[in-house]
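Trainee: Before I ask anything, here is the structure I am working with.
Only the coordinates and a few stated rules stand behind these numbers; no lab work does. From a predicted model like this one, the values you see are computed outputs, not experimental measurements. Positions of Cβ are generated from backbone atoms using ideal geometry, with glycine treated the same way; all protein chains shown enter the neighbour counts.
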Amino acid sequence: MSDRFAWTPSEEHLARSNVARFMKKHGIPDLDGLIRRSIDDIEWFWEAIVEDLDIQFFSPYRQVLDDSAGIAWPRWFVGGTINLAYNCVDKHAQGPRRDAPAVIWEGEDGPVRSLTFAELASETNRAANALKRLGVGVGDRVGLLLPMLPETVAAFLACAKVGAVSVPIFSGFGAQAVADRLDDCQAKVLITADAYPRKGKPIPLLKVAAEAAASCPSVRHVLVVRRSGDILLERPGRDLWWDEALAVESAECPSVPLDSEAPLFIGYTSGTTGKPKGVVHVHAGLLVKLAQEVAHQVDCRAGDRLHWSTDLGWIMGPWKLIGTLALGGTLVLYEGAPDFPAPDRLWHLVERHRVTILGISPTLVRSLMRHGDDYVTGHDLSTLRILGSTGEPWNPTPWTWYFERVGGGRCPLINFSGGTEVGACLLSPTPITPLKPCTLGGPALGMDVEVFDADGHPVRGLVGELVCRKPWPSMTRGLWNDGTNRYEKTYWSRWPGVWVHGDWASIDEDGLWFLHGRSDDTIKVSGKRIGPAEIESALVGHPLVAEAAAVGLPDAIKGEAVRAFVVLRPGVEAPPALQSELRDRVGAVLGRSFVPESVAVVADLPRTRSGKILRRALRARLLGEDPGDLSSLENPGALEALPGSG
């Protein structure tokens, strides 16, 4: 990682950012002081956030935090009643943001739609009334198998409004993966679309939904958004068109007052083995934490336009929806591939809709930068003032490209990390944090994070386990149908009272934090541990390499040996000496111990639609083993094209 600072906050950020305003309001002189106070006195901090961001409760809470059942089972804002939908749409539709855009949507095939807060409230209310007519009430589960449409936002909020528990499901899943999730939560209704375009081809979503619903007796109705317009319902009677169901409903529907700890949604995560985990999130805690993060980390406020390239089925979908709308900002949605029909589609989106806050994954950046700078510089990106990223560790070269080419060196790159179970972030900078390439800044506000060695002691300058030692409002309230206590075993069993996140992290001499990949991805060569991201960074530093992935395979002498794969830049052919050059480069950067046994050039790497490379699938393919759950894999052909075992 670089030792130099790439970003220092401007006077404008120091004066006008949300976090600077919050510090001034509470008489806190510097960011380090705010971080310390937010961690030392978490109850003060989260109550101050409720007041500062105008989070409205129907009846006041009597206690900020009750952790009498233990750190793994906290209750937040105890005794209060609230509804997330009221805070995200109702209060704005009744206030000065009534006629401001809440959602701007662009379809892959070109159409654009916009909904004001008043219009979003009307659509949400009609959807909520339609759900009630279908027998959905407080606590019932509703599956959401949808691309990023305006109706997706209304459906999520409608569930919250009536007290139903939404179950966002990745729109790229196959029928069995959808059915597994619907069956586990016993969903009563599934909301989907007839079809949607992806790289110019129709994705037959209704067929997937119908096949999944057919194997789930609990699903009584399938509500279908008419996106394609030329597809028939699979089973009339059970299946209903969204527009027809909403047309007969009233545009008025008050949000139901719910206990602060009432479940809001179940987010399913995939593991290497076993069935997906259903992570439970609640109304008050998730709303407060996400509103705080979107306000303080990416500095969103009323009038901002935020686009984050993600699906609702991943945690960043609810993150952007809840945080942006709670603050009165505008959510810019795009349903399709960010490089279709040309590699500048994303930059065109930013220019056309005057996006001010842009979030994309490191893998997507690496993919887009392969096409060269001209696709970026040909667009006016001057409206951008904040860049964001999450999902995986960075390499310095693509980080710098994103920062300099896309942001012009004038936008802080807010790189943060958390997860579905966290509900938000453990680590994050703010716009007033000095930044080095690839850093995550430090502890997110209110998060008592640390780096532990193998014995559970804090370390500096070394790679260790990322942990958290105090509760936070958005943490999962356990796992749905967790009869085996999988939640406590997974996150709380290694050290008493400590959340172990499963990421490798380090803190440098300037106090900046960095991630080094999943601790279960760690490669151990001759007793020396290294994260695959460090090897990949060395490989991507070669001028011909666009992307890289590294895994460890069993070795009789070393314990593990490194195998690496690289994707070259467009139009480049691999010279005969490339493998030797790449192996030498890793040796020069990291030492001869970590030189890969082989470096193979491949056309693509197996990845999810959100851009994460599935290293475990790579490793399993090489070993001839079962790769586990591959339902999130967007390009199975990339995995099939790799060499198998032996």
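Trainee: Residue-wise, which Karplus ³J(HN,Hα) couplings in Hz belong to segment 370-385, taking 6.51 cos²θ - 1.76 cosθ + 1.60, θ = phi - 60°, and x for glycine or proline?
Mentor: Karplus values, whole Hz, x for Gly and Pro: 4, 8, x, 7, 4, 5, 7, 5, x, 10, 7, 10, 5, 6, 5, 10.
Trainee: So what's the gap between the Cα centers of segment 541-555 and segment 59-96, to the nearest angstrom?
Mentor: 46 Å
Trainee: How large is the helix-only mean residue ellipticity at 222 nm for the chain, computed as the sum of -39500 (n - 2.57) over DSSP H runs with n ≥ 4, divided by its residue count, in deg cm²/dmol to the nearest 500?
Mentor: Values: 20 runs with 186 residues, N = 646.
Computed ellipticity for the chain at 222 nm equals -8000 deg cm²/dmol.
Trainee: Going by amide H atoms built from the backbone, whose H comes under 5 Å of the H on Leu333, apart from near neighbours?
Mentor: When sequence neighbours closer than 5 places are left aside, the close amide H contacts are Ile104, Trp105, Glu106.
Trainee: Quick one, what does Rg over Rh come out to for the chain if you take C-alpha atoms and the Kirkwood Rh? Present the calculation step by step, with values, prior to reporting the outcome.
Mentor: Working: Rg = 23.7 Å, Rh = 25.1 Å.
My calculation of the ratio gives 0.94.
Trainee: Please give the FRET efficiency for Asp510 paired with Asp66, using the beta carbon to beta carbon distance and R0 = 51 Å, rounded to the nearest 0.05.
Mentor: Working: r = 38 Å, r/R0 = 0.74.
Using R0 = 51 Å, I get an efficiency of 0.85.
Trainee: Treat each spin label as a single point 7 Å out from the Cα along the C-beta direction, and report the Asp374 to Ser228 distance in nm.
Mentor: 3.7 nm
Trainee: Pull up all non-local amide H partners of Cys438: gap of 5 or more, or a different chain, and H-to-H distance under 5 Å with H placed in the peptide plane.
Mentor: For Cys438, no residues qualify.
Trainee: Something else now. State the extension gain, in nm to one decimal, for the chain segment bounded by Lys524 and Asp584, taking 0.36 nm per residue of separation less the distance between their alpha-carbons.
Mentor: Details: separation 60, 0.36 × 60 = 21.60 nm, distance 1.94 nm.
Full extension of this stretch gives 19.7 nm more.
Trainee: Something else about it: Pull up all non-local amide H partners of Gly502: gap of 5 or more, or a different chain, and H-to-H distance under 5 Å with H placed in the peptide plane.
Mentor: HN-HN under 5 Å from Gly502: Leu466.
Trainee: So for segment 214-289, averaging the separation of alpha carbon pairs under 8 Å that are six or more residues apart and normalising by length, what relative contact order in percent results? Could the numbers behind the result be given before it?
Mentor: Details: 65 pairs, mean separation 15.4, N = 76.
Relative contact order, segment 214-289: 20 percent.
Trainee: Starting with the highest mean, order 613-620, 279-286, 583-590 by the number of other Cβ atoms within 10 Å, averaged over the residues of each peptide. Write out the running numbers ahead of the final one.
Mentor: Values: 613-620: 22.5, 279-286: 25.9, 583-590: 16.9.
Averaged packing, sorted descending, gives the order 279-286, 613-620, 583-590.
Trainee: Taking the alpha-carbon centroid of each part, what is the distance from segment 296-318 to segment 98-177 in angstrom?
Mentor: Cα centroid of segment 296-318 versus Cα centroid of segment 98-177: 16 Å apart.
Trainee: To the nearest 20 debye, what is the magnitude of the charge dipole of the chain about its Cα centre, counting +1 on the Cβ of each Lys and Arg and -1 on the Cβ of each Asp and Glu?
Mentor: On the way: 68 positive and 79 negative charges, 72 e Å.
That gives a dipole near 340 debye.
Trainee: Over the Cα atoms of segment 357-472, what is the Rg over Rh ratio if Rh follows Kirkwood? Show your work: numbers first, answer last.
Mentor: On the way: Rg = 15.8 Å, Rh = 15.4 Å.
Looking at segment 357-472, the ratio lands at 1.02.
Trainee: Over the chain, what is the relative contact order in whole percent, taking alpha-carbon pairs under 8 Å and six or more residues apart?
Mentor: 12 percent
Trainee: Excluding residues on the same chain fewer than 8 positions from Lys289, give the lysines whose Cα lies under 27 Å from its Cα.
Mentor: Counting by Cα, and skipping residues close in sequence, Lys289 has these lysines nearby: Lys24, Lys25, Lys91, Lys161, Lys277, Lys320, Lys436, Lys470, Lys489, Lys612.
Trainee: Between Leu14 and Asp453, what is the FRET efficiency for a Förster distance of 41 Å, r being their Cβ-Cβ separation, to the nearest 0.05? Could you put the intermediate results ahead of the total?
Mentor: Values: r = 36 Å, r/R0 = 0.88.
Working from the Cβ atoms, E equals 0.70.
Trainee: Expressed in nm to one decimal, what extension gain is obtained for the pair Ser250 and Arg354 from 0.36 nm per residue of sequence separation less their Cα-Cα distance? Can you show the working numbers first?
Mentor: Values: separation 104, 0.36 × 104 = 37.44 nm, distance 3.38 nm.
Between Ser250 and Arg354, full extension yields an extra 34.1 nm.
Trainee: Could you work out how much longer the chain between Arg21 and Ser114 gets when fully extended? Use 0.36 nm per residue separation minus the Cα distance between them, nm to one decimal. Mind showing how you got there, number by number?
Mentor: On the way: separation 93, 0.36 × 93 = 33.48 nm, distance 3.08 nm.
Here the answer is 30.4 nm.
Trainee: How large is ³J(HN,Hα) for each residue in segment 260-268, as worked out from phi by the Karplus curve 6.51 cos²θ - 1.76 cosθ + 1.60 (θ = phi - 60°), to whole Hz, x for Gly and Pro?
Mentor: Taking θ as phi minus 60°, the curve returns 3, 8, 5, x, 9, 8, 10, x, 8 Hz for segment 260-268.
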